[in-house]
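The block underneath contains the structure these notes are about, expressed in structure tokens.
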Amino acid sequence: MLKSLVVENYALIRRVEIHFDNGFHVITGETGAGKSILVGALSLLLGQRADTAMVSDSTKKCIVEGVFDIQGLDLKEFFIHYDLDFDIQIIIRREINQQGKSRAFINDTPVALNVLKELSSQLFDIHSQHENLLIANKDFQLNLIDQFTRNKLLKDSYQEFYKRYKKLENELNALMEIEAKSISDRDYYEFLFKELTASSLAENELPLIEEELNTLQNIETIKHSFAKIEDILNSSELNVHTLLVEVKQSLSEVKKFYQPANELYERISSVLLEINDVASDAERIGNELSVNPERISLLNERLNLLNHLCVKHHVNNTDELIVLMNEFDTKLQSISSLHDKIENCNKELLFIKEKMHDAALKLSDSRKKAIPAIVSEISNIAIDLAMPDIQMEISQRITENYYSEGIDYVEILFSANKGMLLRPLDKIASGGELSRIMLAVKSIVSERNVIPIVVFDEIDTGVSGDIAAKVASIMKKMSKNMQVIAITHLPQIAAKADIHFWVYKQTDEDKTVSNIKVLSKEQRIKEIAKMISNDTISKASIGAAEELLGF
């Protein structure tokens, strides 16, 4: 239920605060006083586009704020999902600043406009004349059946399977696209992988080969150097070993007379041992080394191969080649696993499709069972609204495709006169007929408490006399199940209201502004008398007004 509405700096409204209650409310006033401006303000709470031209004072913000009682509505999950404070009384607010930027709030928490729309659409519905055309829309007609049937659980079940089905379908299509591309890639990756695998790559291989090649290519120089070392140290006529032996002998002769010579003697002894080892190792190494043209040729071939692979793959060494080889292997394994993934995805898709189809049939069956009652109720109300010869059917057929709303295609077929073939609403119904049928639809939906608040914006245009009284009775009946707010110019409708608001204009400081107030009993009599007699009040119109009001 809408508890209160505050509108500031919007069109002709400087500031108004309106309080509502249960039941039937009407808003009346002279043409141009600002009745529909209030509907425009309410539309902002529904998430409609903010028009900066409606901000009357460009130095101030425009604010529209509604307080709603949501007790009894199943909305707690919505607040949990969007991390919003939950209470049985909530505040929805729209602001338009001086630069035209719009902001939305729920319980003083900023929210995206789509979040505000999602909440507001579950709280109230604004119905204006142009929305009568919606009754001819096939999606609207299908939604009407679902609202009447109260098959939310069936619909939720189907839509859950539908979402899973569409997700799997997208995954399968993506896998098949990858597979189609991988067919051409697979041979290429396989060739590269085999080439690298056949090369028996080893880590840090290039520098080791280069080092060995450098040794083999300079073997003669190395042998000569080691032979010379051995000769100098041990084999030449005047070699280092002989000279050091003489030094050792000299120290041996003096160490008995001079103590510091002992240390030198020990050191020379150690040097002689090391010199002998060096000479021995130099001789051994020189003897072991030999020229090996076959090894040199083999290493050159290996080096050329590795360098060729590095250049080909734009890398610097064998370590990077090994990384690349592993990447090719991973890609090949991934391509090989695609078939299994596609097969598994297909199996799951078929399983979900069966579940989805069963859910769709149950949903379809629930709609089929509800159609006769819907046709009957709409027809009965339409007959009361001066359409005595109405004929109506709701055609339902199952489609081959799956859609978010199910597998049903429905269409309301209509004839207002005897002897005329039934045809789609948008092909045959007049504007007045559409308006009355839509009112009948709103009436039967209201009995199922689908939306707790409905706002009618002058949908009674072109209605008068007995039909007006019947329209008023329908709205009054609707208000037993929901809060009804109607902007009207008909005294029959105004007289049925529980609360009567009057919108008026006044000039304040050279500026025209709109205001609104609740009418007392006496004020209601006068306002309805004016509505009866085209703005003039007479004893007759007063009497008629009192009769309509039941006073």
Given 0.36 nm per residue, what is the gain on full extension from Ala180 to His19 after removing their alpha carbon distance, in nm?
51.5 nm
Treating every alpha carbon of the range 408-469 as one equal point scatterer without solvent, the Debye formula yields log10 I(q)/I(0) values at q = 0.18, 0.24, 0.30 Å⁻¹ of -0.85, -1.14, -1.23
Using r as the Cβ-Cβ distance of Gln249 and Ser290, and R0 as 45 Å, what FRET efficiency do you calculate, to the nearest 0.05?
0.70
To the nearest 0.05, the calculated FRET efficiency linking His81 and Asn317 through their beta-carbon distance, R0 being 60 Å, is 0.65
With no solvent and one point per C-alpha, what does the Debye sum give as log10 I(q)/I(0) for the range 493-536 at q = 0.23, 0.30, 0.34 Å⁻¹?
-0.84, -1.07, -1.18
Tally Lys and Arg at +1 and Asp and Glu at -1 over the other residues with C-beta under 11 Å from the C-beta of Phe328: what net charge comes out?
-2
I'm a student and want to see the number: the projected area of the Cα convex hull of the range 141-250, averaged over all directions, in nm².
19.7 nm²
Under 16 Å from a label point 7 Å along Cα→Cβ of His339: give me every residue in the range 186-225 with its amide N that close.
186-187, 190
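I'm a student and want to see the number: the projected area of the Cα convex hull of the range 55-108, averaged over all directions, in nm². Before the final figure, lay out each step's value.
Details: hull surface 16.8 nm².
Its Cα hull, projected and averaged over all orientations, spans 4.2 nm².
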For the range 292-326 and the range 230-248, what is the centre-to-centre distance using only Cα atoms, to the nearest Å?
47 Å
Compute the Kirkwood hydrodynamic radius of the chain, taking the inverse of the mean of 1/r over all pairs of distinct Cα atoms, and give it in Å to one decimal.
32.7 Å
What is the sum of charges around Asp389, taking Lys and Arg as +1, Asp and Glu as -1, for the other residues whose C-beta is under 14 Å from the C-beta of Asp389?
0
Could you state the number of Å between the C-alpha centres of the range 1-72 and the range 491-524?
14 Å
dims of the range 225-272, Cα set, principal axes, largest to smallest, nearest Å -> 41, 17, 8
Taking N as the residue count of the range 293-335, its alpha carbon Rg divided by 2.2 N^0.38 Å gives 1.46
Less than 12 Å Cβ to Cβ from Lys35, Lys/Arg counted +1 and Asp/Glu -1: what total charge do the surrounding residues give?
-2
Taking only Cα atoms of the range 368-463, radius of gyration then Dmax in Å
14.6, 43
Label-point separation (nm) for Gln159 and Lys60, each offset 7 Å from Cα along Cα-to-Cβ?
4.1 nm
For Lys3, what residues show an amide H to amide H distance below 5 Å, using hydrogens built from the backbone and excluding near sequence neighbours?
Val67, Phe68, Asp69
Given the convex hull over the Cα atoms of the range 64-221, what projected area results after averaging over all orientations, in nm²?
23.3 nm²
What spacing in nm lies between the two simple spin-label points modelled at Arg49 and Thr512, each 7 Å away from Cα in the Cβ direction?
2.7 nm
If the chain between Asn380 and Thr109 were fully stretched, how many nm would it gain, using 0.36 nm times the residue separation less the Cα-Cα distance?
93.0 nm
Enter the accessible area of Glu177 (Å², nearest 10), with the probe set to 1.4 Å and all protein chains included.
130 Å²
Any idea how far the Cα center of the range 398-422 sits from the one of the range 175-223, in Å?
69 Å
In deg cm²/dmol, rounded to the nearest 500, the helical mean residue ellipticity at 222 nm of the chain, built from -39500 (n - 2.57) for every DSSP H run of length 4 or more, is -18500 deg cm²/dmol
If you take the square roots of the eigenvalues of the alpha-carbon gyration tensor of the range 299-452 and sort them as a ≥ b ≥ c, do you get rounded (a/c under 1.5), prolate (a/b over b/c) or oblate?
prolate
Based on DSSP, what percent of beta bridges with both residues in the chain are antiparallel, to the nearest 5?
70 percent
Ser290 accessible area, assembled protein chains, probe 1.4 Å, Å²:
70 Å²
If you take the beta carbon distance between Gln217 and Lys167 as r and set R0 to 56 Å, what does 1/(1 + (r/R0)^6) give as a FRET efficiency, to the nearest 0.05?
0.30
As a test question: what accessible area, to the nearest 10 Å², does Cys310 have when a 1.4 Å probe is rolled over all protein chains in place?
10 Å²
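The values are calculated or read from the model by the stated rules, or taken from the named source; none is laboratory data. A quick note: this is a predicted structure, and the numbers were derived from the prediction, not measured. Because the Cβ atoms are built from the backbone with ideal geometry, glycine has one as well, and the counts that use them run over all protein chains shown. Note: accessible area is taken over every heavy atom of the protein model, side chains too, but ligands, DNA and RNA are not part of it. Shrake-Rupley method; radii C 1.70, N 1.55, O 1.52, S 1.80 Å.
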